[in-house]
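Some notes on the structure that comes next.
The values are calculated or read from the model by the stated rules, or taken from the named source; none is laboratory data. The model shown is predicted, which means the values in this text are computed figures rather than measured ones. So basically every Cβ, Gly included, is an ideal-geometry build from the backbone, and we count neighbours across all protein chains shown. The accessibility values were calculated without ligands, DNA or RNA, using every heavy atom of the protein model including side chains. Shrake-Rupley method; radii C 1.70, N 1.55, O 1.52, S 1.80 Å.
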Amino acid sequence: MSNLWFLYLFFSALLIFIGLYCLLTMRNLIRLFIAVEIISKGVSLAIVATGAVKNSVLLAQSLAITYIVVEVSLVATALALIINIYKKNKSLDVRILSKLKG
Amino acid sequence: MVIQIILLCGLVIFSGLAILLRDLIKAALSLAVASLFLGLIFFRLGAPYAGVFEISVVAGLITVLFALTIALTKKEDEVQENRLVKVIFPLFFILFLVIDGLVMKSLLTKVPALPSAPEGGSFGLVLWKQRTFDLVAQVGVIFAGVLAVLALFRKTGKDEEKDE
């Protein structure tokens with residue numbers, strides 16, 4: 001069982017790494033948000049896999065569902081924000097947002 | 001075990017494609033395929049409800065939202081990403097793969113995790129009786145999301161003047 005747990009956490013760490021790499025290096029706002037989604041996939045995989053390995057899959061499942069609902073709400077708000085930013089700046093380049101500083 | 005490894009590899013490959021593909025629509029679609037793989041993994045882990053949520057909500061609804069946003073923000077001059085970023089990604093990825101393989105195994109033995117104990121009852125019982133507060137919080141989060149979207153898309157005085 002420990003090997004299985006290692007396998008899932010290994011892959012969830014890889015997903016989190018891909019997301020963090022994209023967040024740190026890319027400039028397109030939509031792509032940055034795709035990175036956030038990838039990180040959230042890694043986290044939900046870790047939650048459910050740990051629950052399954054530790055015989056608490058029902059609890060892990062309910063936590064994963066809560067996490068997905070929060071994620072949807074976050075996505076809707078963030079994409080609305082991105083559309084508003086695009087309307088104002090006519091670009092999705094994250095560097096343009098640095099003009100906001102005082 | 002082999003099927004699980006195939007599903008996990010598919011998940012990582014399509015997640016990688018989501019950040020490497022140039023076209024944003026293709027990136028969003030590959031994210032949806034990654035969600036599909038994650039849903040199948042949830043099914044195999046004995047978490048069917050989480051799998052259904054993952055496939056229907058994340059692979060379905062969120063992809064539609066992404067596609068809509070990409071369509072609404074399409075423009076000729078795309079954001080130019082640094083080319084070096086995509087070139088050095090495989091190097092960093094392999095480096096992290098090695099570190100992850102070396103560190104994770106020893107980390108699992110050192111970090112105390114949840115105590116392993118069999119749980120009784122059904123999923124409904126756990127969700128409605130044990131995690132009631134989570135459900136209340138979920139309702140709050142959904143309302144907050146709806147209000148935020150309404151606030152972001154409300155018409156201002158300038159917009160009304162433009163319409164006229």
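What are the residues in the range A:57-68 that are open to solvent by 20 Å² or more (accessible area, probe 1.4 Å) and free of Cβ contacts under 8 Å to residues at least 24 places away in the same chain, if any?
Hits for the range A:57-68 are A:57, A:58, A:59, A:63, A:66.
Assess whether residue A:8 counts as being buried (at least 20 other Cβ atoms within 10 Å of the Cβ) and over 24 Å from residue B:53 (Cβ atoms).
No, not satisfied.
For the range A:49-95, give me each residue that is aliphatic (A, V, I, L, M) and over 25 Å from residue B:71 (Cβ atoms).
A:49, A:52, A:53, A:57, A:58, A:59, A:60, A:63, A:64, A:65, A:69, A:70
Considering only the range B:1-35, state which residues are assigned to a helix (DSSP H, G or I) and charged (D, E, K, R).
Residue satisfying the conditions is B:26 alone.
Considering the range A:69-96 alone, what residues qualify as being in contact (Cβ under 8 Å) with a residue 40 or more places away in the chain and more than 7 Å from chain B (Cβ to nearest Cβ)?
Within the range A:69-96, A:78, A:85, A:94, A:95 meet the criteria.
Filter the range B:5-19 down to the residues that are facing chain A (nearest Cβ under 9 Å) and either of a type in the set (Lys, Arg) or crowded, with 17+ Cβ neighbours inside 10 Å (or both) and list them by number.
B:8, B:11, B:12, B:15, B:16, B:18, B:19 - these are the residues of the range B:5-19 that are facing chain A (nearest Cβ under 9 Å) and either of a type in the set (Lys, Arg) or crowded, with 17+ Cβ neighbours inside 10 Å (or both).
Sort through B:126, B:79, B:85 and tell me the only one that's surrounded by 10 or more Cβ atoms within 10 Å (Cβ to Cβ), modelled with pLDDT under 85 and in contact with a strand residue (DSSP E or B) (Cβ under 8 Å, 6 or more places away or on another chain).
B:79
Of A:18, A:38, which residue is touching a residue at least 12 places away in the same chain (Cβ under 8 Å), within 25 Å of residue B:138 (Cα to Cα) and facing chain B (nearest Cβ under 7 Å)?
A:38
Go through the range A:41-56 and count every residue that is part of a helix (DSSP H, G or I) and either open to solvent by less than 30 Å² (accessible area, probe 1.4 Å) or facing chain B (nearest Cβ under 7 Å) (or both).
11
Do we have any residue at all in the range B:54-62 that's crowded, with 20+ Cβ neighbours inside 10 Å and among the charged types (D, E, K, R)?
Scanning the range B:54-62, I find at least one residue that is crowded, with 20+ Cβ neighbours inside 10 Å and among the charged types (D, E, K, R), so the answer is yes.
Take the residues in the range A:21-35 that are assigned to a helix (DSSP H, G or I) and in contact (Cβ under 8 Å) with a residue 40 or more places away in the chain, then tell me which one is farthest from the other protein chains (Cβ to nearest Cβ).
The qualifying residue farthest from the other protein chains (Cβ to nearest Cβ) is A:32.
Is one or more of the residues making up the range B:31-43 of a type outside the set (Lys, Arg) and loosely packed, with under 15 Cβ neighbours inside 10 Å?
Scanning the range B:31-43 turns up no residue that is of a type outside the set (Lys, Arg) and loosely packed, with under 15 Cβ neighbours inside 10 Å.
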